[in-house]
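Right, one structure below, let's go through it.
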Number of protein chains: 2
Amino acid sequence: MSSTLQLRSLNYDNINPHVKAAKYAVRGELAVKAESIRRELEQNPSSHPFDHVIFANIGNPQQLDQKPITFFRQVLSLIQYPDLLEEANLEAAKQLYPEDALERAKWLLKSVKSVGAYSHSQGAPPLRDSVAKYIEQRDGYPADPDSIFLTAGASSGVNTLLHVIAASPNTGVMIPIPQYPLYTATLALLNAKPVEYFLEEPSAWSTKVDDLYTVLEKAETEGTDVRCICVINPGNPTGASLPYDSIADIIKFAAEKKLVVMADEVYQTNVFIGEFVSFKKVLRDLQKKEPGKYENVELVSFHSTSKGMVGECGQRGGYFELVGFDPKVVAEIYKFVSISLCPPVSGQCLVELMVNPPKEGEPSHSLYKKEFNDIYNGLKTRAYALHDAFKQMEGVEGQDPQGAMYMFPTIKLPQKVGEVAKEQGRKPDEFYCMELLKATGVCVVPGSGFGQVEGTWHFRTTFLAPGTDWVGRIVRFHKEFMEKYRD
Amino acid sequence: MSSTLQLRSLNYDNINPHVKAAKYAVRGELAVKAESIRRELEQNPSSHPFDHVIFANIGNPQQLDQKPITFFRQVLSLIQYPDLLEEANLEAAKQLYPEDALERAKWLLKSVKSVGAYSHSQGAPPLRDSVAKYIEQRDGYPADPDSIFLTAGASSGVNTLLHVIAASPNTGVMIPIPQYPLYTATLALLNAKPVEYFLEEPSAWSTKVDDLYTVLEKAETEGTDVRCICVINPGNPTGASLPYDSIADIIKFAAEKKLVVMADEVYQTNVFIGEFVSFKKVLRDLQKKEPGKYENVELVSFHSTSKGMVGECGQRGGYFELVGFDPKVVAEIYKFVSISLCPPVSGQCLVELMVNPPKEGEPSHSLYKKEFNDIYNGLKTRAYALHDAFKQMEGVEGQDPQGAMYMFPTIKLPQKVGEVAKEQGRKPDEFYCMELLKATGVCVVPGSGFGQVEGTWHFRTTFLAPGTDWVGRIVRFHKEFMEKYRD
């Protein structure tokens, strides 16, 4: 180490240890390698045995050519340039934008004044009214706009809630395993304890409520002050969709054990088997059936414009709804979000568009409907194509695709793989994914990034990439890989 | 307290104490009251002795009718709706958008693929190239795109850096007093120590470097591990603009004492007296003059699309540049930002537009130039009008407006004010600002929200509101207030 380095204020050994402890595999080593291969291909198209990288490591539909919903983009375009709505430009604008897009843009601009102005820290009130209406229509129970916070994507909302909950290094938060690593990363940053409960792979990644009691008891015996249970439904990375009764059981568990329920429901429209039911609806059903019994339940539900058929990850829109929280705690949540001023205002407007799309009879309705269905059907078709491909792959087994944007198959790897991987300082699934990337350009995330039962190996892939050629590439790679390392 | 409340998981007494400790007056009690008055006026226009609220508590130009720069919004409008660039629509689009806006939109879309796709966590590479070019042209020294991180406004960047620095409850960060409360709020959240250095009001809120040594020594004697010094230049809330020599002295101090320099330079184009000089330029000058001597200096500079003549607060765009950081620390900063995926992509594009506006000879140049200058001159005129008004106000004294968007005059309040305020549990300046709001609808922030020498009182007001009527309202209120409470 040179003397210059020694004279710096900050080095790896003296910065915040909690930042160092946070892990986020979705954008980790494999993603970085994939990006560098992409650049190499840009410089020299024949530098690798494939012509482009497929980023199946992250649910980023528009990076993989998913076209945005036209109506949403027309409105966002208009609110960025309100001059288009002025008399002098209206004739030309009407050639490019349908009447209902023009109307919605006017209404949004009246609601936020300008997309360039800070809004209320909780999100512009009229936009929150629309979210409340959406929740009411979805669940059949009222929602309070003052309990809704618009956010910069769901991640920012999860960060807010965990910040408020994490009272000490002893605070525990129950998280599913496998999980989306935002949860463990944020808990690491906050120096709080993840309390892991395992989803059951053999029964389609279901949640066994009996296990929750066992896990909680063990954590409490060890002195952890467990305050919250996180649920991702539909699941990430598993894709599993929770049935009504499981949701009810989780709520009953939380009520009995005085835990906040954090329901990550960002994939609520990405459901292929059965129907999405929200935690809020089930909670209200339970409260109705047994008045007084579940009044203590604190529920926060997250939603986002990044997923579903919207797929607008880069716009950073989302919201959370608080149910049953102490008003003094809500006031602290408000103060916390106000320090970052407000979520992106165009993202707020996109949330409004997502929850209030064109209605039957309006000029943009039929196109909206068609685009929505095409995206839905495309995702479903590709999910099943991928599932079929896994069936051809030796030692690979995937659950039926139920929802979300991911498959999380298990892979049985020969022992030799473990040995070679170890030499490289990698886990077997990390080694497998790195070899896959180098051979095919397909970037997936090893199961270790999400958590898995010890001794089992998985990878998470999105089913967003168009076409099926890349699926064929995976199948061929796998065959060669298994032949090379067979015990 | 009802039994329901007692059964909740979260209450005011058991949530994260660091969240509770954070204070953010800019959106505190006065702002909340102002918002409720605004709503009351909406319901009943004669409910208050004025017809609208003026939010002079926050630098939010477009909320106060500042019109956005046309070229920026044309491009942002186009990238939201790329269909406009297609052959079939081009003729109609050309009636509404100038040629250079169409060209820029095409280039930006090529660079980010879609504003709805997650970008690289650090910001899209071609956009960072533009930022690097801007910095090079501004300072006359090269900048490295890989050391530039695009952010969701400067606040998010400050949050990132403080997160990495805050290694323990014993970590100290030097901050100016008065300061923008983002710094103290974030340090409170991180459970790190603000180490306060006072700016000198009598010499136009200048920074006395001798004081820095004294303050640091005292903190170190008390066992604080001071790791960083924050500077806001031009100043918020003071508006003061640092001369070259002061910047050089601060850098020398940081080099000697091994402190990271965090330079909040978001008001770099809002300068009325003298010229803005960046910390980066002065650092490079010093390094050139005395090779080897200042190589250890770690500097991070923040910029934003929210301020300047851009004023696009709601779009959440910004960047920071790292200079002299250990690559391993940079890797941790990258991992930290990747957990929140990426800054809003349209905000990233706005950063590109800000640093690379239309050039001489391009179709949009003259309009851009005119709009930029009109905003600049409007701000300056209003700053001086406000300064003149202060001169008419008994016991009020403001420094000459130098820059930023704020005035931070001192107010000498009669003793009786202190007594009445105390009865309400308020500080005298908080009481004054609340009375001002109730009487005039003008919302300003008490000096206590920023820090001030004990026994002195101030308030911060923006000079963004159009017209001068509101200034007259303040003058009249003040006269009546002083008459009422005169000792």
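Can you report the number of residues in the range A:413-425 which are open to solvent by less than 80 Å² (accessible area, probe 1.4 Å), out of contact with any Asp or Glu (no Cβ under 9 Å at 6 or more places or on another chain) and not β-branched (Val, Ile, Thr)?
Residues that pass the stated criteria total 2.
Return only the number of the condition from (1) in a helix (DSSP H, G or I); (2) within 27 Å of B:Pro327 (Cβ to Cβ); (3) without any contact (Cβ under 8 Å) to a residue 40 or more places away in the chain; (4) more than 21 Å from the chain's Cα centre (by Cα) that B:Pro142 does not satisfy.
Exception for B:Pro142: condition (1).
Does the range A:422-434 contain any residue that is of a type outside the set (D, E, K, R) and on the phi > 0 side of the Ramachandran plot?
Initial filter on the range A:422-434 (of a type outside the set (D, E, K, R)): A:424-425, A:428, A:431-434.
Those still in the list that are on the phi > 0 side of the Ramachandran plot too: A:425.
Among the residues of the range A:422-434, at least one is of a type outside the set (D, E, K, R) and on the phi > 0 side of the Ramachandran plot, which makes the answer yes.
Name the pairs whose Cβ atoms lie under 6 Å apart, with the first residue in the range B:391-419 and in contact (Cβ under 8 Å) with a residue 60 or more places away in the chain, the second of a type in the set (Lys, Arg), and 6 or more positions between them or separate chains?
B:Gly395/B:Lys412; B:Tyr406/B:Arg460; B:Phe408/B:Arg460; B:Pro414/B:Arg486
Is the range A:85-104 home to any residue that is more than 9 Å from chain B (Cβ to nearest Cβ), under 28 Å from A:Ala383 (Cα atoms) and either open to solvent by less than 20 Å² (accessible area, probe 1.4 Å) or part of a helix (DSSP H, G or I) (or both)?
The answer is no; no qualifying residue exists.
So which pairs qualify, if the first residue must be in the range A:84-95 and closer than 14 Å to B:Tyr81 by Cβ, the second must be aromatic (Phe, Trp, Tyr), the Cβ gap must be under 9 Å, and the two must be at least 6 apart or on different chains?
Hits for this filter: A:Leu84/A:Tyr97.
Say whether the condition of being surrounded by fewer than 21 Cβ atoms within 10 Å (Cβ to Cβ), β-branched (Val, Ile, Thr) and more than 12 Å from every other protein chain (Cβ to nearest Cβ) is met by at least one residue in the range A:326-337.
No, that holds for no residue.
Could you say which residue among B:Lys94, B:Lys20 is under 27 Å from the mean Cα position of the chain (by Cα) and modelled with pLDDT of 90 or more?
When all the criteria are applied, what remains is B:Lys20.
Could you list, in sequence order, the residues of the range A:276-325 that are within 14 Å of another protein chain (Cβ to nearest Cβ), within 16 Å of A:Ile250 (Cα to Cα) and of a type in the set (Asp, Glu)?
If the condition is that a residue be within 14 Å of another protein chain (Cβ to nearest Cβ), within 16 Å of A:Ile250 (Cα to Cα) and of a type in the set (Asp, Glu), then A:Glu295, A:Glu298 are the ones that fit.
So B:Gln66 fits all but one of (1) touching a Ser or Thr at 6+ places or on another chain (Cβ under 9 Å); (2) assigned to a loop (DSSP other than H, G, I, E, B); (3) more than 30 Å from A:Pro68 (Cβ to Cβ); what number is the exception?
Failed condition: (3).
Which ones in the range A:38-70 are surrounded by fewer than 24 Cβ atoms within 10 Å (Cβ to Cβ), over 30 Å from A:Pro409 (Cβ atoms) and within 14 Å of chain B (Cβ to nearest Cβ)?
A:Glu42, A:Gln43, A:Thr70
Residues being open to solvent by less than 20 Å² (accessible area, probe 1.4 Å) and either among the small types (Gly, Ala, Ser) or within 14 Å of another protein chain (Cβ to nearest Cβ) (or both): count how many of those fall in the range A:123-148.
Of the range A:123-148, the ones open to solvent by less than 20 Å² (accessible area, probe 1.4 Å) are A:123-124, A:127-128, A:130-132, A:135, A:139, A:143, A:148.
Still in the running and either among the small types (Gly, Ala, Ser) or within 14 Å of another protein chain (Cβ to nearest Cβ) (or both): A:123-124, A:127-128, A:130, A:132, A:143.
Of the residues in the range A:123-148, 7 are open to solvent by less than 20 Å² (accessible area, probe 1.4 Å) and either among the small types (Gly, Ala, Ser) or within 14 Å of another protein chain (Cβ to nearest Cβ) (or both).
What number goes with the only condition from (1) within 28 Å of A:Tyr134 (Cα to Cα); (2) among the small types (Gly, Ala, Ser); (3) open to solvent by 10 Å² or more (accessible area, probe 1.4 Å) that A:Gly403 does not pass?
(3)
Of all residues in the range A:145-183 being among the hydroxyl-bearing types (Ser, Thr, Tyr) and in a helix (DSSP H, G or I), which is farthest from A:Glu201 (Cα to Cα)? Before you say what the answer is, go through the steps one by one.
Restricting attention to the range A:145-183, the residues satisfying the condition of being among the hydroxyl-bearing types (Ser, Thr, Tyr) are A:147, A:151, A:155-156, A:160, A:168, A:171, A:180, A:183.
Then keep just the ones that are in a helix (DSSP H, G or I); that gives A:147, A:155-156, A:160, A:183.
Details: A:Ser147: 36, A:Ser155: 26, A:Ser156: 29, A:Thr160: 31, A:Tyr183: 20 Å.
If we take residues in the range A:145-183 being among the hydroxyl-bearing types (Ser, Thr, Tyr) and in a helix (DSSP H, G or I), then A:Ser147 is farthest from A:Glu201 (Cα to Cα).
Taking the condition touching a helix residue (DSSP H, G or I) at 6+ places or on another chain (Cβ under 6 Å) and under 19 Å from B:Ile135 (Cα atoms), does B:Leu182 pass? Step through it out loud before you land on a result.
Numbers: touching a helix residue (DSSP H, G or I) at 6+ places or on another chain (Cβ under 6 Å): yes; under 19 Å from B:Ile135 (Cα atoms): no.
Spelling it out, it is not the case that B:Leu182 is touching a helix residue (DSSP H, G or I) at 6+ places or on another chain (Cβ under 6 Å) and under 19 Å from B:Ile135 (Cα atoms).
Suppose we filter the range A:23-32 for residues that are under 14 Å from A:Ser448 (Cα atoms) and buried (at least 18 other Cβ atoms within 10 Å of the Cβ); how many remain? Talk me through it step by step, then tell me what you get.
So in the range A:23-32, the residues under 14 Å from A:Ser448 (Cα atoms) come out as A:23-30.
Retained after the next criterion (residues that are buried (at least 18 other Cβ atoms within 10 Å of the Cβ)): A:24-28, A:30.
Qualifying residue count, the range A:23-32: 6.
Of the residues that sit in the range A:184-209 and are part of a loop (DSSP other than H, G, I, E, B) and modelled with pLDDT under 95, which one is most open to solvent (accessible area, probe 1.4 Å)? If you could, list the steps in order and put the result at the bottom.
So in the range A:184-209, the residues part of a loop (DSSP other than H, G, I, E, B) come out as A:190-192, A:199, A:204-205, A:207-208.
Subsequent filtering for residues that are modelled with pLDDT under 95 retains A:204-205, A:207-208.
Details: A:Ala204: 34, A:Trp205: 18, A:Thr207: 19, A:Lys208: 83 Å².
By that ranking, first place goes to A:Lys208.
Being more than 8 Å from chain A (Cβ to nearest Cβ), within 30 Å of A:Asn296 (Cβ to Cβ) and acidic (Asp, Glu) is the requirement here; does B:Asp13 meet it? Before the answer, list the steps.
Working: more than 8 Å from chain A (Cβ to nearest Cβ): yes; within 30 Å of A:Asn296 (Cβ to Cβ): yes; acidic (Asp, Glu): yes.
Yes; evaluated as a whole, the condition is true for this residue.
Closer than 30 Å to A:Arg27 by Cβ and within 11 Å of chain A (Cβ to nearest Cβ): is that true of B:Gln80 in this structure?
Spelling it out, B:Gln80 is indeed closer than 30 Å to A:Arg27 by Cβ and within 11 Å of chain A (Cβ to nearest Cβ).
For the range B:105-122, what are the residues that are open to solvent by less than 10 Å² (accessible area, probe 1.4 Å) and more than 10 Å from chain A (Cβ to nearest Cβ)? Lay out the reasoning, then the answer.
Let us first name the residues in the range B:105-122 that are open to solvent by less than 10 Å² (accessible area, probe 1.4 Å), namely B:105, B:108, B:115-117, B:121.
Matches in the range B:105-122: B:Ala105, B:Leu108.
Considering only residues that are farther than 14 Å from A:Gly157 by Cα and of a type outside the set (Gly, Ala, Ser), which ones fall in the range A:314-331? Give the derivation first.
Restricting attention to the range A:314-331, the residues satisfying the condition of being farther than 14 Å from A:Gly157 by Cα are A:314-315, A:323-329, A:331.
Correct list: A:Gln315, A:Val323, A:Phe325, A:Asp326, A:Pro327, A:Lys328, A:Val329.
Within the range A:63-79, restricting attention to residues that are touching a Phe, Trp or Tyr at 6+ places or on another chain (Cβ under 9 Å) and modelled with pLDDT under 95, which residue is nearest to A:Arg316 (Cα to Cα)?
Within the range A:63-79, the match that is nearest to A:Arg316 (Cα to Cα) is A:Gln63.
So which residues in the range A:254-303 are without any contact (Cβ under 8 Å) to a residue 12 or more places away in the chain and in contact with a Lys or Arg (Cβ under 8 Å, 6 or more places away or on another chain), if there are any at all? Walk me through how you get there before you give the answer.
Of the range A:254-303, the ones without any contact (Cβ under 8 Å) to a residue 12 or more places away in the chain are A:256, A:275, A:287-292.
Passing the criteria: only A:Gln287.
If the requirement is being surrounded by 20 or more Cβ atoms within 10 Å (Cβ to Cβ) and over 21 Å from the mean Cα position of the chain (by Cα), which of these qualifies: B:Thr440, B:Thr468, B:Thr461?
One residue alone meets the criteria, B:Thr440.
In the range A:349-359, is there at least one residue being in contact with a strand residue (DSSP E or B) (Cβ under 8 Å, 6 or more places away or on another chain) and open to solvent by less than 10 Å² (accessible area, probe 1.4 Å)? Steps first, answer last, please.
Step one: filter the range A:349-359 for residues in contact with a strand residue (DSSP E or B) (Cβ under 8 Å, 6 or more places away or on another chain), giving A:351.
Remaining after also requiring open to solvent by less than 10 Å² (accessible area, probe 1.4 Å): A:351.
There is at least one residue in the range A:349-359 that is in contact with a strand residue (DSSP E or B) (Cβ under 8 Å, 6 or more places away or on another chain) and open to solvent by less than 10 Å² (accessible area, probe 1.4 Å).
Output the residues belonging to the range A:338-371 that are over 29 Å from A:Gly116 (Cα atoms) and either more than 14 Å from every other protein chain (Cβ to nearest Cβ) or of a type in the set (Gly, Ala, Ser) (or both).
Matches in the range A:338-371: A:Glu360, A:Gly361, A:Ser366, A:Lys369, A:Lys370.
If you go through the range A:7-21 one residue at a time, how many are surrounded by fewer than 22 Cβ atoms within 10 Å (Cβ to Cβ) and part of a loop (DSSP other than H, G, I, E, B)?
6
The values are calculated or read from the model by the stated rules, or taken from the named source; none is laboratory data. A quick note: this is a predicted structure, and the numbers were derived from the prediction, not measured. So basically every Cβ, Gly included, is an ideal-geometry build from the backbone, and we count neighbours across all protein chains shown. In case anyone asks, the SASA skips ligands and DNA or RNA and just uses the protein heavy atoms, side chains included. Shrake-Rupley method; radii C 1.70, N 1.55, O 1.52, S 1.80 Å.
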